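Shown next, in structure tokens, is the structure this report addresses.
The values are calculated or read from the model by the stated rules, or taken from the named source; none is laboratory data. On a predicted model such as this, the values are computed, not experimentally measured, just so you know. So basically every Cβ, Gly included, is an ideal-geometry build from the backbone, and we count neighbours across all protein chains shown.
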Amino acid sequence: MTASGIPKETLAAAGRLLGRRLGLRFNPSIAGRLSRSLAEEAAALDLEIATYTRRIEDEPTLLQGLVDRVTVQETSFFRDPGQLQAFRTHVLPHLGPTVRIWSAACSNGQEPYTLAMILADSGVADWRVMATDVSTRAVERTRRARYSTKEVAGVPPHLRARYLRPSGADCEVVGALRERVSVRCHNLADSPPFKPGEFGVVFCRNVLIYLEDEAISALIDRLARWLGPPGWLFLGYSESLWQVTDAFALARLGSAFAYRLRDSTASAASALPSAASASPGSARRTPARPARRGNAESAPVLGGAPARSLVADGEAAMNAGDHAAAIVAFRKVAYLEPEEPFSHLHLGLALEASGDVAAARRAFAVARTVLARGDNLTVEASLKGYGVDDLLRLLDRKLAER
Ligand SMILES: C[S@@+](CC[C@H](N)C(=O)[O-])C[C@H]1O[C@@H](n2cnc3c(N)ncnc32)[C@H](O)[C@@H]1O
């Protein structure tokens, strides 16, 4: 029985269902959230847990209620500003007169409206953004386009003045932007909601971390077939296609990174002033997790609550591009959890992002030492499905880089 009074088998069955329908990964770190969501949704509908979990198999509206509760909408305006700046400087000028961008897994809309502000501000005449999410609540909020003053804090003042206007105690996105952002409900486990080739740039940030490996591979494969030229794919800072696909190549855009469809690398990448392509195998910027996963789910692998909250602080700082604050947080984590390889890996990644190559290298070396001397069974468990060998290979590559 879980703390919410759900039998373990019922919880596991609901987890499997979400895996089959949405590709969501079920593991101990999301069990608590799923358990609470099941209990709350059943109570809201005045149903017994057993009845509710049986009915969600066949009744999409009942399942949607659970999806709306269990998905995580963490996001912000201008999240990962370094990457957005790289998009603005290195990608946008080469997109031509017609720009179509898909914000996949857009959460409550801060990402698509951020892109809309960048596009409107760039002077491109013909631009559109499509915003999709599997959560109907998130889609509703995106359509409403209304945000608290705290939520819009990350919008630069000149863009705030131009593209947001007061609405009661809140702010709302101006109509001129909203009419160019189409919003719809879409599950990334299904085919993209547009004709193949219609969109050439997708922002699919901070959602792979919630998906099972097979769902990630299937999604990336679909994107490779659906995306038109120039085929840019932006992931979250800690997500990676390392060992996932050969269809996309990692491209350095100034100090940030994105993926690019290999078939269309010839045109825009060669036009990029400071872009350098690299194959995924030689990808030197690695995720906060060895492959694919990172930030939001990483805290639970670390032991105590203080470390978990520091990891969350560090990841928030990385997302905000504040490498100095991330380093401070991850240093504390490494102090609190010296035997946890991820503590040192996180620290290394933050140091690397800040440009302190020597210190990053030291942190990677410590991570490798800790990992190599660990009891592999224990370490394997703490990595939640990631092979020790994978992580060792990754650290070896990082250490061999320079
Ligand atoms: C952490 S938010 C990321 C928001 C935004 N992309 C960003 O980086 O700030 C993750 C979003 O993914 C959505 N999501 C999770 N699984 C999904 C799926 N199978 N299809 C579409 N969206 C999904 C969630 O509803 C949530 O809004």
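Considering the conditions (1) at pLDDT below 95; (2) over 21 Å from F194 (Cβ atoms), N108 is excluded by exactly one of them, (1). Scanning the stretch 98-126 for residues that are under 13 Å from S182 (Cβ atoms) and among the polar types (S, T, N, Q) yields one hit, S103. As a summary of the residue check, R262 satisfies the conditions (1) crowded, with 19+ Cβ neighbours inside 10 Å; (2) modelled with pLDDT of 80 or more; (3) in contact with an Asp or Glu (Cβ under 9 Å, 6 or more places away or on another chain) except for the one numbered (1).
Just to be sure, is R20 without any contact (Cβ under 8 Å) to a residue 12 or more places away in the chain, surrounded by fewer than 17 Cβ atoms within 10 Å (Cβ to Cβ) and more than 22 Å from D133 (Cα to Cα)?
So R20 fails the test.
Among residues of the stretch 54-74 that are more than 18 Å from T10 (Cα to Cα) and within 14 Å of the ligand (Cβ to nearest atom), those with a beta-carbon under 7 Å from a residue that is modelled with pLDDT of 95 or more and not aliphatic (A, V, I, L, M) at least six positions away or on a different chain give the pairs D68/S135; D68/T136; D68/R137; T71/S135; Q73/S107; Q73/N108; Q73/S135. Do you know which of the residues in the stretch 205-242 that are charged (D, E, K, R) and part of a loop (DSSP other than H, G, I, E, B) is nearest to P97 (Cα to Cα)? In this case the residue turns out to be R205.
Which of the residues belonging to the stretch 11-48 are farther than 20 Å from E214 by Cα and either among the aliphatic types (A, V, I, L, M) or in the same structural domain as A105 (by TED's automatic domain parsing) (or both)?
Across the stretch 11-48, the qualifying residues are L11, L34, L38, A39, A42, A43, A44, L45, L47.
Of the residues making up the stretch 163-220, those that are away from the ligand (no atom under 16 Å from the Cβ), closer than 28 Å to E151 by Cα and among the small types (G, A, S) number 5.
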